[in-house]
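The values are calculated or read from the model by the stated rules, or taken from the named source; none is laboratory data. From a predicted model like this one, the values you see are computed outputs, not experimental measurements. As a convention, Cβ positions derive from the backbone with ideal geometry for all residues, glycine included, and neighbour counts pool all protein chains shown. What goes into the accessible areas is simple: the full protein's heavy atoms, side chains included, and nothing from ligands, DNA or RNA. Shrake-Rupley method; radii C 1.70, N 1.55, O 1.52, S 1.80 Å.
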Amino acid sequence: FGHPEWLDFPREGNGSSFHYARRQFNLVHDENLRYKYLYRFDRAMVHLERQHHWLSAHDQWVTLKHNDDKVLAFERGGLVWIFNFHPTNSYTDYRVGVAWAGKYNVALCTDDAEFLGHSRIDASVDHFSTPMEWNARPNYIQVYLPARTAVVLKHD
């Protein structure tokens, strides 16, 4: 993903060649290319893991899988992950069930300008839960989900 050439590790089919078994990390520094944005996103994901240890978390719950809206939401590592895979539809005040009552704020947003996004999600906005069951969760929050974006919220 995000690489200009294929990666092909040594195997019988390529004569055990190492020629294509390399990553070109130098591409991040070329200002004419967009690899720097992918690198920034990767760095932000690693930072989020270091803060919340979500990769090793045992608590996980798929809150929402909506095929028509193309929205997926789940809880993992004390975070709420919300993805809008729809190519054209953005959603205002989209309800997502959550386990924890209280305030949520943005921990990561794929739409940030830092990642070459359009900055349509205001990270300074707090999302407050409503104590009503939604998607088999005791509370819900309402979020803005632009098309083709993902947002990770942390509970305060």
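Run the simple label-point estimate for N105 and F25 please: 7 Å along Cα→C-beta, distance reported in nm.
Between N105 and F25, the simple spin-label model gives 3.3 nm.
Sticking with the crude label model, points 7 Å out along Cα→Cβ, report the distance from N89 to F128 in nm, one decimal please.
Taking the two extended label points, one gets 2.9 nm.
Once the piece of chain linking R50 and F74 is laid out straight, how much longer is it, given 0.36 nm per residue of separation minus the C-alpha distance between them? Intermediate results must be reported in sequence, preceding the final value.
Working: separation 24, 0.36 × 24 = 8.64 nm, distance 1.93 nm.
Roughly 6.7 nm would be gained on extension.
In the Gaussian network model of the chain, springs joining C-alpha atoms below 10 Å, which of R43, R120, R23 carries the largest mean-square fluctuation?
R23
Largest first and in whole Å, give the semi-axes of the stretch 103-156's equivalent ellipsoid, each being the square root of 5 times a Cα gyration tensor eigenvalue.
On the way: eigenvalues 107, 27, 13 Å².
Over the Cα atoms of the stretch 103-156, the semi-axes work out to 23, 12, 8 Å.
Only Lys, Arg, Asp and Glu count, each charged at its Cβ (+1, +1, -1, -1), so figure out the dipole size of the stretch 108-154 about its Cα centre, rounded to 20 debye. List each step's numbers first, then the result.
Working: 4 positive and 6 negative charges, 32 e Å.
Dipole about the Cα centre, nearest 20: 160 debye.
Under 12 Å from the Cα of K154, which aspartates and glutamates turn up, not counting those fewer than eight places away in the same chain?
E75, D126
Mind telling me which of T92, T110, T63 comes out most flexible in a GNM of the chain, alpha-carbon contacts under 10 Å?
Of the options given, T92 has the highest mean-square fluctuation.
How big is the gap, in Å, between the Cα center of the stretch 6-77 and the Cα center of the stretch 105-156?
So the two Cα centres are separated by 21 Å.
If you filter the stretch 6-101 for GluC sites (Glu not before Pro), then keep DSSP loop positions with at most 11 other Cβ within 10 Å, what is left? Don't jump to the answer; show the numbers that get you there.
On the way: sites: E12, E31, E49, E75; in loops: E31.
Passing sites in the stretch 6-101 are E31.
May I ask you to give the percent of accessible area on the stretch 6-156 that is carbon plus sulfur, with a probe radius of 1.4 Å?
Exposed carbon and sulfur together represent 52 percent of the surface.
Given charges of +1 on the Cβ of Lys and Arg and -1 on the Cβ of Asp and Glu, with all other atoms neutral, how large is the dipole of the chain about its Cα centre, in debye to the nearest 20? Spell out each step's value before the answer.
Working: 17 positive and 19 negative charges, 33 e Å.
It works out to roughly 160 debye.
Which residue, F25, F41, F85, tops the fluctuation ranking in a GNM of the chain built on C-alpha contacts under 10 Å?
F25
Normalised by the empirical 2.2 N^0.38 Å for globular proteins, what value does the Cα Rg of the stretch 1-151 take? Write out the running numbers ahead of the final one.
Details: Rg = 18.8 Å, N = 151, 2.2 N^0.38 = 14.8 Å.
Computed over Cα atoms of the stretch 1-151, the ratio equals 1.27.
Please compute the per residue accessible area over the stretch 1-60 with all protein chains in place, 1.4 Å probe, rounded to a whole number of Å². Present the calculation step by step, with values, prior to reporting the outcome.
Working: 4980 Å² over 60 residues.
Roughly 83 Å² per residue, with all protein chains present.
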